[in-house]
1. Being more than 20 Å from Phe126 (Cα to Cα) and at pLDDT 70 or above, is that true of even one residue in the stretch 52-66?
2. Tell me which residues, restricted to the stretch 9-45, are assigned to a helix (DSSP H, G or I) and surrounded by fewer than 17 Cβ atoms within 10 Å (Cβ to Cβ).
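The values are calculated or read from the model by the stated rules, or taken from the named source; none is laboratory data. Fair warning: this is a prediction, and the values are worked out from it, not measured in the lab. Here the Cβ positions follow ideal geometry from the backbone for every residue, glycine too, while neighbour counts run over all protein chains shown.
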Amino acid sequence: MENLIALAVATAVLVAIPGPNVALTVANSLRFGFAAGAVTVAGAVVGVGLQLALVVSGLAALVDVAGSALTWIKWLGVAYLLLLGVLTWRTPAGDLSVVQARPMLFRNALLIAVINPKTLVFNAAFLPQFVTAPAGFTQLAAAAAVMLAVIFVGDLSWALFASRASLVLRRYSAAWNRVTGVCLLAAGLGLAFARR
C-alpha cells in the first residue's frame, strides 16, 4: 500500500510538469471549453493506458528494441501538432462563444499519447520501482491503475484551469488564438524533443 501511495505522489508531481499531452489538453480547453478538454484527457489517458498495458504484459522491452523503426510515427505527430499550432495562430479573431468541440479530439489525443516513445520507455522504467520483487501481473496492473487514475485527475485539473482562463481570454479573441496556437506548438515541440 505504501508503494502505491508513493507512486500516486510521484505521478502527481510528473503531471504537474506539462508535457505534450498536457499542452494539447490546455490548447483544446482554451479553444473549446472544459468538455473538449475532458475529451482530450480521456483520449490521452486511453493512449497512456495502452502503453501501460504493454509495460504490464512485458512487451515494453520488445517495443524498446523496435523503437527506432517507429520514430517516423512520432515525427508525423510532431508535424501535425505544429501545423495545428500555426493554423490556430493565424486564425482571425471571431465570435468564440459559438465555437464547438470537434469530434476528433479524442482520437488526436490518443494518437499523440500512443506515439510518444519517451513515455513508453519511461513507464517501463518508472512503474516497476513501485512494486515489490518479484512483481507479478496483479501488482503491476494495480500500480498501472493508480498511475492512470492520478494522470486522469491531474490532466482534468489542467483542463479545468485552462477552461477557466478561457473566460478571461474570451474578451480578447485574437489573444485566444495566439495562446491556443502556442500551446499546440509547445505540444509539438515537446513531442519532437522527447527522447526515447
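1. No.
2. Val9, Ala10, Ala12, Val13, Leu14, Ala16, Ala35
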